[in-house]
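Engineer: Structure incoming, see below.
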Amino acid sequence: RTDASGRAFVSGLRGYQPNRVGIDASDLPMDVELQALEVRLTPAARSAARIDFPVQRGRAATLRVVDAIGLPLPPGALLQPAGQPRRFPVGLNGRTYLAGLGEGRNTVQARWTDEGEHQCQFDFTAPPSRGDDLPDLGLLTCR
């Protein structure tokens, strides 16, 4: 358990040997993004070491995406928010999850291969973050 500042004291680490220290993702709020659940470190004997877990608050949402004629994007289509290296796959019936959304207006590029190369994009405004709440943006049209 951490204190209010997110700090914890971990004892019993083996000196001069690799130690694995991890966190349980189910204990974190829904609006937290993780880069790793586990960190490995090799401290000196009878010493202290600082561990920084790559955890940050972010905006995430679920949504359903359809093309210009109202058909759901195909499963496996990849959505990439502008300015992000991460891509998110589309599931059945156009349902998907996006993370790392910015405040204000967001632009997302969609790409897929289905008897040819297809792409489209859509814009939306992310709602304000509310802790454990994972907002559903509803139906969005990709043009």
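The values are calculated or read from the model by the stated rules, or taken from the named source; none is laboratory data. Treat the numbers as computed from the prediction; the structure is a model and nothing was measured. Don't worry about glycine lacking a Cβ; one is built from the backbone with ideal geometry, like all the others, and counts go over all protein chains shown. Only protein heavy atoms, including side chains, enter the accessible area calculation; ligands, DNA and RNA are left aside. Shrake-Rupley method; radii C 1.70, N 1.55, O 1.52, S 1.80 Å.
Engineer: In this structure, does Leu79 turn out to be open to solvent by less than 40 Å² (accessible area, probe 1.4 Å), more than 30 Å from Arg1 (Cβ to Cβ) and either at pLDDT 95 or above or among the aromatic types (Phe, Trp, Tyr) (or both)?
Structural biologist: yes
Engineer: Run down Arg64, Arg40 and say which single residue is in contact with a Ser or Thr (Cβ under 8 Å, 6 or more places away or on another chain), assigned to a strand (DSSP E or B), open to solvent by 50 Å² or more (accessible area, probe 1.4 Å) and at negative phi. Spell out the reasoning first.
Structural biologist: Working: Arg40 fails: in contact with a Ser or Thr (Cβ under 8 Å, 6 or more places away or on another chain).
Checking each option against the conditions leaves just Arg64.
Engineer: Checking Arg50 against (1) surrounded by fewer than 11 Cβ atoms within 10 Å (Cβ to Cβ); (2) touching a strand residue (DSSP E or B) at 6+ places or on another chain (Cβ under 7 Å): exactly one of these is not met. Which one?
Structural biologist: Result: Arg50 passes all but (2).
Engineer: Mind listing whichever residues of the range 92-124 are in contact with a Pro (Cβ under 6 Å, 6 or more places away or on another chain), surrounded by fewer than 16 Cβ atoms within 10 Å (Cβ to Cβ) and of a type outside the set (A, V, I, L, M, F, W, C)?
Structural biologist: Answer for the range 92-124, where residues must be in contact with a Pro (Cβ under 6 Å, 6 or more places away or on another chain), surrounded by fewer than 16 Cβ atoms within 10 Å (Cβ to Cβ) and of a type outside the set (A, V, I, L, M, F, W, C): Asn93, Asp114.
Engineer: Given the criteria open to solvent by 50 Å² or more (accessible area, probe 1.4 Å), in a loop (DSSP other than H, G, I, E, B) and touching a Gly at 6+ places or on another chain (Cβ under 9 Å), does Gly12 qualify?
Structural biologist: no
Engineer: Right, another one. I'm trying to understand the selection: among the residues of the range 67-76, which are in contact (Cβ under 8 Å) with a residue 24 or more places away in the chain, farther than 13 Å from Leu140 by Cα and surrounded by 14 or more Cβ atoms within 10 Å (Cβ to Cβ)?
Structural biologist: Pro74
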